[in-house]
Amino acid sequence: MATIAEAPPAAPAAPSSRGGLWGWLTSVDHKKIGIMYGISAFVFFVLGGLEALVIRLQLAVPDGTVVNEEVFNQLFTMHGTTMVFLFVMPVAAAFGNYFMPIMIGARDVAFPRLNALSYWIFISGGIFISSSFFLGGFPDGAWTGYAPLAQQSEVIRMDFWAIGLLILGVASLLGAVNFITTIFTMRAPGMTLFRMPVFVWMQLVVGFLLAFSLPLVTVGLFQVILDRNFGTLFYDAATGGDPILWQHLFWLFGHPEVYILILPAMGIVSEVLPTFSRKPLFGYQFVVFAGAAIGFLGFGVWAHHMFTAGLGPVAETAFGLMTMTIAVPTGIKIFNWVGTMWGGNIEFTTPMLFSIGFVAMFTIGGLSGVTHAIVPADTQQHDSYYVVAHFHYVLFGGAVFGIFAGIYYWFGKVFGRMLDETIGKWHFWIMFVGFNLTFAPMHLLGLNGMPRRIATYGDGLGWNYWNFMATIGSFIIALSVLVFLINAVRSYRRGEPAGADPWDGRTLEWTTSSPPADFNFAEVPVVEAIDDFWYKKYGEDEDHLPVRLDTNPLDPSALAPDVDHHVHLPSPSYYPILLALGIVTLAYGFLWIPVGFLFMALGLGIMLWAIFGWAMEDIDHPMGDGGGHGDDGGDHDPAAELVGSEGGA
Amino acid sequence: MATEASTVEETTEEHADHLSPASYWMIALFLAIVTAVEVAITYIPGYDGTILVVSLLVLGVVKFLTVVAFFMHLKYEPFTMNFMFYIGLLGALALFIAVLLSFRALFDTF
Amino acid sequence: MAVAHTTSGGLDIRKTAMWAFLASELMFFGALISTFLLYRSRTNGGPDAHELFDIPFTSVSSFVLLMSSLTMVLAHNAWERDDERQMRLWLLSTAGLGMVFLGGQFFEFSTFVHEGLKLNTSPFGSSFYMLTGFHGAHVAVGVLMLSAMVIISFRVGLTKSRGMNVELIALYWHFVDIIWIVIFTVVYLLQV
């Protein structure tokens, strides 16, 4: 393949605007923001994983004495909360931020500062909620925070939880609006909606899911906070409140949320499988429509989390049927992925292994999900380890495997050096074994009656053996994560240079340098088909096999990296991080009223300063050096470059 | 200069269909009249129960859609914006009717 | 301020974002309204809607807010014609009407509290104040933004080439109005 001879240095390309820490803190570049999301998410992955290991240690043997019930409750609450809100969602944001704009031929997202704000709000929210550890203890009401339990704790833990989730919700909502707008308005010429990569489609669907589901849990969370702090009676049964309302509001969000967790990974797999089968995605339109259908139907099944709440036979039947229905678009995707691989020229690279693993493990998890749809069966499965098995198969075997597929696939593009394939394969197989050893037995444990969220269990119940094996499995998973970390650190420093197109890819990100220049494309691509890049590289012979054409369709920035392409970019700004700081100051203040009033006032002041500064930024004092290459200041129009007219001074 | 996406070539008249100030006054008058009617019918003795509920809902919907279509200009906007708004609206309606039904509270409250 | 513009697909970036945001807000208020509908008759021995509500008074409030939508659209219209003086006039009127509305809300709530309906009296009280409180907060934010626009207009000028902020604020303000239309109908007029 025609790739550039010399790869850029391993460190992320030095920002042309400003360097060092300040450069990162004020960056509005979607790629930097993506990297920050990714690294932060990974730190939380490790923290959440450590919480899981302690849980497994406690449950390894009957009558465990590693931690007491109080601590145990905090552990499973934080494990769930951390993994869902601080790992899987941000990692999807990482990939979405970095690659969605490039895949549609744009130079950034629609609102770069808002994008930075989303990140800074996320990380402050994550730190806020985790800081509870030092300030009274982790939240302990489970990641689902059911009423009236959540209202009862005297300690401020559940306030940390509710407020923390509100903060995180704001970050996601802003991100969703940003992504939706970007995808609708900033595609390169010729990039119609139905020529976009499936990964981008999934980000669009996720954006809508976030926009429509977050407000619902927001209302619920405010009600929790009001009940806990202002004596309101939303969930007070004695006076006419109804705790079931919380369940509805939570799960109206919670169910779309699980699709928010899985669709990005499905998008990644939909890119990886074609690349390493050297065939187009089978049934592209079906995969897109199925994804949209899953999103849409996902709003209609929430009460299947409430089959034991006494909804009555009519509601239960309706939701049971809807839940079975949602298996159909999911199944369509699985068949299309298999169809993609069928007859392909398969290359078993690490990302491919993780993607195939995804398809297999997600299918298993989906099958246990279908058993949940059968109401009488679910009545027994509910709140047992069977459920734990189900969601770990779809979330770990599904989302996490998909995420690692993405990491192995795109690491080289982001950092300029490839992850080691040999170590990668070790990572995969160790993780595969560990994962299955941990979670497969949980199906049995659940069906044998083991409830979830119990700190310990008695001897002689028949649960000892598989709990012990699951604990061993969890440590094998931990070993595999260690292997990955070793791979990541080694490869970052001295991995093989990636070049622009190491995998002979199909989508636009492979036309850029590795890492891409600040401005992504020196020349905005003009798109003529799905997988346009592939068809610029390959024609077909009479047997429809690909034939390499005599072309080198990389972006000029990849072909000639040292040339200054004079693209003007949005200026960095410190207002996003400032605004996030104000918000979290306000939040901390709220927890310690009346002393906290001072902090609340301070927080509000900082927020107003940030908002005002942000709004006025362009008029009075354009920040710093204006960013980008060859800025000639003043009249230049940055958006023209962002949205696809010919760039350059 | 601007950090948000912006453009040099400002479209002078993005929406071809523009209502005049006079039209807006007329629409406002219409809305005021509908409001007056709404309030008035709640005072009519004997005009209550289902018929009142339905009338008020209909009148409310008329006001709602009038503001959305004309003041918010949605009638003249591209499909995408309409799509987002109506999906949100219909979604909200469907979901909350479902929730209230499950509490058997929908018809109690009216 | 950044300048308005169209991009691929003929869609304006900021307007698209605002409509996406407003669609999301529909869900938010939908949840608040539904909570109220669920709890409207759970009065825990405290006062109920029938005793408290003063329909004539609230009708006037509603009328005020409706008219503020008119002044808002006139402000937008003036801005489109590059008539900055008129625009400021109508923006100020909108903000003013908004403040009258808020004053009315404040007065109404004080009366209710006086007559025994507090935030923690009953689920009815909690959900009523939460719904109208959040709505009022949205109005207040709108008033602040309108005032800011007037100030910016005096300071730097807010002609059409400077961006679509008036149009965006107008969308937000009308949205707050249509939510009130729903609240007025469903909470006040449709009492048990």
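No lab work stands behind these numbers, since they all come straight from the coordinates. Since the model is a prediction, treat every value here as computed from it, not as a measurement. Quick reminder, even Gly has a Cβ in these numbers, built from the backbone with ideal geometry, and neighbours come from all protein chains shown.
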Problem set entry | Extension reserve of the residue A:70-residue A:422 stretch, reckoned as 0.36 nm per residue once the Cα distance is removed | 122.4 nm
Seminar exercise, completed: Taking Cα pairs closer than 8 Å and at least 6 residues apart, the relative contact order of the stretch A:243-317 in percent is 49 percent
Problem set entry | Modelled FRET efficiency - R0 41 Å, residue A:193 with residue A:612, Cβ distances, 0.05 increments | 0.65
For this session: Within 10 Å of each Cβ in peptide C:36-45, how many partner chain Cβ atoms are there on average? Round it to a whole number, please.
Result: 6
For this session: With no solvent and one equal point scatterer placed on each C-alpha of chain C, evaluate the Debye formula and give log10 I(q)/I(0) for q = 0.14 Å⁻¹, two decimals.
Result: -0.81
Exercise. Given a Förster radius of 56 Å and the C-beta distance between residue A:523 and residue B:93 as r, what FRET efficiency does 1/(1 + (r/R0)^6) yield to the nearest 0.05?
Worked result: 0.75
Seminar exercise, completed: Contour minus Cα-Cα span, residue A:335 to residue A:238, at 0.36 nm per residue, comes to 29.8 nm
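Taking R0 as 35 Å, what FRET efficiency do you get between residue B:82 and residue A:325 from their Cβ-Cβ distance, rounded to the nearest 0.05?
0.80
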Problem set entry | Percent RCO, i.e. relative contact order, over chain C, from Cα pairs under 8 Å lying at least 6 residues apart | 35 percent
Exercise. Can you list the residues, at least 5 places off or on another chain, whose amide H is less than 5 Å from the amide H of residue A:417, using H built in the peptide plane?
Worked result: A:498
Exercise. Each residue of the stretch C:77-89 in turn: what ³J(HN,Hα) in whole Hz from Karplus with 6.51, -1.76, 1.60 and θ = phi - 60°, glycine and Pro shown as x?
Worked result: 4, 5, 4, 4, 8, 6, 9, 5, 5, 4, 4, 4, 4
Problem set entry | Given charges at beta-carbon only (K, R positive; D, E negative), |dipole| of the stretch C:47-116 in Debye | 340 debye
Seminar exercise, completed: Cα-based Rg then Dmax for chain A, in Å, read 24.8, 79
Exercise. Between residue A:22 and residue A:595, how many nm apart are label points set 7 Å from Cα along the C-beta direction?
Worked result: 3.5 nm
Exercise. For a paramagnetic label modelled at 7 Å from the Cα of residue A:549 toward its Cβ, which residues of the stretch A:503-536 fall within the zone defined by backbone nitrogen distances under 14 Å?
Worked result: A:526-536
For this session: Just name one of A:297, A:115, A:610: the one whose Cα is farthest towards the positive end of the charge dipole of the protein assembly as shown (beta-carbon charges, Lys/Arg +1, Asp/Glu -1).
Result: A:297
For this session: Please turn the phi angles of the stretch A:498-514 into ³J(HN,Hα) values with the Karplus equation 6.51 cos²θ - 1.76 cosθ + 1.60 (θ = phi - 60°), one per residue in order, whole Hz, x for glycine and proline.
Result: 7, x, 5, 9, x, 9, 6, x, 10, 10, 5, 5, 7, 8, 8, 6, 10
Exercise. Using θ = phi - 60° and the Karplus form 6.51 cos²θ - 1.76 cosθ + 1.60, what ³J(HN,Hα) does each residue of the stretch C:41-48 get, whole Hz, x for Gly and Pro?
Worked result: 9, 8, 9, 6, x, x, x, 10
Problem set entry | Only Lys, Arg (+1) and Asp, Glu (-1) charged, at Cβ; the stretch C:67-192 dipole about Cα centre in debye | 260 debye
Problem set entry | Long-range tail of P(r) for the stretch C:54-143 (Cα pairs > 21 Å, %) | 40 percent
Problem set entry | Long-range lysine pairs (8 or more apart or interchain), chain A, Cα under 25 Å | 10
For this session: For residue A:538, list long-range residues whose amide hydrogen, built 1.01 Å from N in the peptide plane, is under 5 Å from its own amide hydrogen.
Result: A:549
For this session: May I ask for the equivalent-ellipsoid semi-axes of the stretch A:137-260, computed as the square root of five times each C-alpha gyration tensor eigenvalue and listed largest first in whole Å?
Result: 36, 13, 11
Seminar exercise, completed: In nanometres, the difference between 0.36 nm per residue of separation and the alpha-carbon distance of residue A:465 and residue A:229 is 80.5 nm
For this session: Would you mind checking which residues have amide H under 5 Å from residue A:384's amide H? H placed 1.01 Å from N; only 5 or more apart, or other chain.
Result: A:452
Exercise. In angstroms, what radius of gyration and Dmax does the stretch C:120-192 have, counting Cα atoms only?
Worked result: 16.6, 52
Problem set entry | Cα-centre dipole for the stretch A:226-377 with unit charges at Cβ (Lys and Arg positive, Asp and Glu negative), debye to 20 | 500 debye
Exercise. What's log10 of I(q)/I(0) for the stretch A:465-581 at q = 0.12, 0.16, 0.22, 0.23 Å⁻¹, Debye sum over Cα points only, no solvent?
Worked result: -0.74, -0.93, -1.17, -1.22
Exercise. How many percent of the alpha carbon pairs in the stretch A:290-432 exceed a separation of 20 Å?
Worked result: 55 percent
